[in-house]
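First up is the structure itself, then whatever we jot down about it.
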Amino acid sequence: MSAPIVAITGLNGFIATHLAVLYLSKGWRVRASARTVDKVERLKSQAVFEDWVAKDLLEVIVVEDMTNVEQIKTLLDGVEAVAHLAAPVDQSLKSWDAFKIPTVKGVTTILEAAKDSPTIKAVTIMSSSAAALNVIGLAEQRHTYVETDWYPFDEATCASFDPEDKFSPQLWYCGAKKYAELAAYEFVETHKPKWSMATFCPAMVYGPTIQFANPQDFNDATPGNSIADFIALVGGKDEPLPMQRGNAYADVRDTATAMFNAVVGQKSGRFFICGHDYTFQMLANMCRKLRPDLDAYFPLGDPTLPDIKAEDIPHLSNVKSIEELGVKYHSMEETLKDSLAYWEKIGVFKIPPGSWKA
């Protein structure tokens with residue numbers, strides 16, 4: 001029998017790279033999309049994918065418009081599973097519609113293209129914990145969030161946010177993620193497709209950055225996203241700790257595992273993906289403990305600060321992902337140890353701290 005095929009959008013991303021490698025290692029073929037021929041060739045030449053491309057197990061095709069149903073149908077032709085991770089993230093946008101429309105349309109186009117497929121058995125969609133949290137006053141909350149929780153603001157409220165307020169893009173991003181998920185569930189309720197559909201809401205996502213082949217690739221990380229913050233942990237002892245954008249994270253490998261297991265088990269529903277509460281001070285302290293020989297690379301911060309206390313912060317429940325998807329979360333030590341090992345492999349510690357910065 002021929003190997004099953006999964007279609008993955010957004011293959012250039014952190015989670016998507018790990019997800020593709022997981023599928024390939026499990027005997028699947030991967031068909032991914034990119035917007036231009038140049039991006040197709042760039043993805044195929046990435047070190048992490050070279051062997052799979054050579055074995056003709058990874059195919060990357062051009063899909064210029066992720067909101068064009070006919071183009072997406074070409075991507076989905078003959079596949080058994082779909083993993084939709086491509087999403088516009090541009091914090092410079094200046095309106096609610098600019099955030100909402102492409103995010104929601106990207107999801108509904110995938111579902112429309114998959115609707116009548118004779119081969120697809122499961123669809124998975126990457127969302128974000130942003131679609132669930134009340135981000136205003138989050139640090140003061142003591143709430144445990146579960147999968148039935150949603151970002152509290154409706155569309156009228158989202159549209160009312162001041163375009164000149166620097167916090168508005170973050171609020172619009174959360175709203176766009178919420179309404180994209182709601183649109184997905186409305187689509188399933190209306191059309192009742194034969195395939196399962198699951199959405200995933202991870203906390204911050206950290207772990208080995210296998211999409212990067214050398215330290216200079218770190219400059220490709222979008223400023224302000226989770227990967228840019230994570231690699232700042234090796235920016236140099238005198239550098240400040242990254243801004244704390246959340247208080248929980250998931251290992252990228254656990255996030256990929258959750259999506260894969262949902263397909264294999266044809267699970268439907270919404271899943272939070274969350275491994276541990278943390279602060280960047282905790283991560284920096286552990287890096288220094290694991291590799292004292294690399295002390296010069298890790299931001300010092302204030303090592304005397306206490307670790308975060310569970311009773312002082314809001315929580316994302318990971319019970320459903322454990323019980324229904326069988327996720328076994330990596331420990332914080334495992335995540336950092338493996339990340340440091342990968343960074344050592346690609347030469348991060350053979351150059352002065354932070355010298356990779358453009």
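No value in this document is a laboratory result; all are computed from the given coordinates. Nothing here was measured: the structure is a model prediction, and the numbers come from that model. Cβ placement follows ideal geometry from the backbone for every residue including glycine, while neighbour counts extend to all protein chains displayed.
Listed cross-link partners Lys44/Lys177; Lys178/Lys328; Lys309/Lys345; Lys39/Lys350; Lys105/Lys237 are compared with a 32 Å cut-off, the Cα-Cα value being larger for Lys309/Lys345; Lys105/Lys237. Among Cys201, Cys174, Cys158, the largest mean-square fluctuation in a Gaussian network model of the chain, built with springs joining Cα atoms closer than 10 Å, belongs to Cys158. Ranking Leu316, Pro352, Ala341 by how far each Cα lies toward the positive end of the dipole of the stretch 273-358 (charges on Cβ) leaves Pro352 at the top. Highest-first packing order for the peptide set 112-123, 204-215 is 204-215, 112-123, based on the mean count of other beta carbon atoms within 10 Å. Computed from point charges on the beta carbon alone (+1 for Lys and Arg, -1 for Asp and Glu), the dipole magnitude for the stretch 1-54 about its Cα centre is near 160 Debye.
Restricting to DSSP loop positions (anything but H, G, I, E, B) with no more than 15 other Cβ atoms inside 10 Å of their own Cβ, which trypsin sites (Lys or Arg not before Pro) remain in the stretch 152-200?
When the trypsin sites (Lys or Arg not before Pro) of the stretch 152-200 are filtered for loop state and at most 15 Cβ neighbours within 10 Å, Lys166, Lys194 remain.
Computed over the chain with a Gaussian network model linking Cα atoms closer than 10 Å, the most mobile of Met286, Met66, Met259 is Met286. Could you tell me the center-to-center distance, by alpha carbons, between the stretch 58-128 and the stretch 2-36 in angstrom? Measuring centre to centre over Cα atoms gives 14 Å. Remark: the Cα gyration tensor places the chain in the oblate category, a/c being 1.5 or greater and a/b not exceeding b/c. Relative to the Cα centre, the charge distribution of the chain, modelled as +1 at Lys and Arg Cβ and -1 at Asp and Glu Cβ, gives a dipole magnitude of about 720 debye. Between Ser160, Ser268, Ser129, the GNM of the chain built on Cα springs shorter than 10 angstrom shows Ser160 fluctuating the most.
The length gained on full extension between Ala156 and Glu140, counted as 0.36 nm times the residue separation minus their Cα-Cα distance, comes to 3.2 nm. Ordering Asn261, Ala203, Ser168 by the projection of their Cα atoms onto the charge dipole of the chain, which places +1 on the Cβ of Lys and Arg and -1 on the Cβ of Asp and Glu, puts Asn261 at the extreme positive end. Of the peptides 233-242, 41-50, the ranking by mean beta-carbon count within 10 Å, highest at the top, reads 233-242, 41-50. Decide, for the stretch 186-344, between rounded, prolate and oblate: order the square roots of the alpha carbon gyration tensor eigenvalues as a ≥ b ≥ c, take rounded if a/c falls under 1.5, and otherwise choose prolate if a/b is larger than b/c, else oblate. Verdict is prolate for the stretch 186-344.
The simple Förster model, with R0 at 22 Å and r as the Cβ-Cβ distance, assigns Asp65 and Thr148 a FRET efficiency of 0.05.
Using only helices, what value at 222 nm comes out for the chain when you add -39,500 (n - 2.57) per DSSP H run of length 4 or more and divide by the total residues, to the nearest 500 deg cm²/dmol?
Dividing the helical sum by the residues of the chain leaves -11500 deg cm²/dmol.
Segment Val319..Gln91, full-extension length gain: 78.9 nm, with 0.36 nm per residue of separation and the alpha-carbon distance subtracted. Under the shape rule built on the C-alpha gyration tensor, where the axes satisfy a ≥ b ≥ c, the stretch 228-282 is prolate, since a/c reaches at least 1.5 and a/b is greater than b/c. Using a cutoff of 8 angstrom between alpha carbon atoms and counting only pairs six or more residues apart, the relative contact order for the stretch 205-358 works out to 38 percent. Counting 0.36 nm for each residue step from Thr304 to Lys55 and taking away their Cα separation leaves a gain of 84.5 nm.
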